[in-house]
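J.: Submitted below is the structure of interest, expressed as structure tokens.
The values are calculated or read from the model by the stated rules, or taken from the named source; none is laboratory data. None of the values given here were measured: they were computed from a predicted structure. Here the Cβ is made from the backbone with ideal geometry for all residues, glycine too, and neighbour counts use every protein chain on show.
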């Protein structure tokens, strides 16, 4: 059974190692390079402190009712592949019903949230099926004219791991051989 375990683990490692985080600088540790910030006032945007941990981006424009947005073109997608998009956000003290925060791919919001009642960090995660080799990831605050600022951090996009077909066939063959051997011993 030791060989079977090693084979299964090697299948898993191969599938997970296939592709890393596709988001450039999603941790905002030293700056907001790789991101385009739109409708974000001076003094906001990248902040060296206040992240989860370290730096973050504060999406806010107190003089505008329009969404403040951080966006990035995600490349190297495989059409038909499922991806997990995740990250952290913080706002707070409002606890209102309006969706004031959202994450979109190619202009379609796939995650929206109300302003949370505390200033703690909250996480979002959702799955996205790629339809082309690239997609525009946009993270927005002040949606619906609410004017509420949000900090974002730890933005990531990973392919959902699929087991390697050949590995699965190998595991199936090994299990069949072990079952055949077990039955053969039981008949004796």
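J.: Can you report the number of residues in the range 95-108 which are within 21 Å of residue 122 (Cβ to Cβ) and outside any strand (DSSP E or B)?
T.: 4
J.: Keeping to the range 132-160, report how many residues are more than 23 Å from residue 76 (Cα to Cα) and either surrounded by fewer than 20 Cβ atoms within 10 Å (Cβ to Cβ) or without any contact (Cβ under 8 Å) to a residue 24 or more places away in the chain (or both).
T.: The total comes to 4.
J.: For residue 129, indicate whether it is at pLDDT 95 or above, surrounded by 13 or more Cβ atoms within 10 Å (Cβ to Cβ) and under 16 Å from the mean Cα position of the chain (by Cα).
T.: It is false that residue 129 is at pLDDT 95 or above, surrounded by 13 or more Cβ atoms within 10 Å (Cβ to Cβ) and under 16 Å from the mean Cα position of the chain (by Cα).
J.: Would a scan of the range 86-104 turn up a residue that is in contact with a strand residue (DSSP E or B) (Cβ under 8 Å, 6 or more places away or on another chain), farther than 14 Å from residue 135 by Cα and free of Cβ contacts under 8 Å to residues at least 40 places away in the same chain?
T.: yes
J.: From (1) surrounded by 13 or more Cβ atoms within 10 Å (Cβ to Cβ); (2) closer than 29 Å to residue 20 by Cα; (3) free of Cβ contacts under 8 Å to residues at least 60 places away in the same chain, pick out the condition that doesn't hold for residue 120.
T.: (1)
J.: Something else about it: Among the residues in the range 62-73, are any touching a strand residue (DSSP E or B) at 6+ places or on another chain (Cβ under 8 Å), in contact (Cβ under 8 Å) with a residue 40 or more places away in the chain, surrounded by 13 or more Cβ atoms within 10 Å (Cβ to Cβ) and farther than 29 Å from residue 160 by Cα? Walk me through how you get there before you give the answer.
T.: At the first step, the residues of the range 62-73 found to be touching a strand residue (DSSP E or B) at 6+ places or on another chain (Cβ under 8 Å) are 67-73.
Now restrict to residues that are in contact (Cβ under 8 Å) with a residue 40 or more places away in the chain: 67-73.
Imposing the further condition that a residue be surrounded by 13 or more Cβ atoms within 10 Å (Cβ to Cβ) reduces the set to 67-72.
Okay, now just the ones that are also farther than 29 Å from residue 160 by Cα, so 67-68.
The answer is yes, given that some residue of the range 62-73 is touching a strand residue (DSSP E or B) at 6+ places or on another chain (Cβ under 8 Å), in contact (Cβ under 8 Å) with a residue 40 or more places away in the chain, surrounded by 13 or more Cβ atoms within 10 Å (Cβ to Cβ) and farther than 29 Å from residue 160 by Cα.
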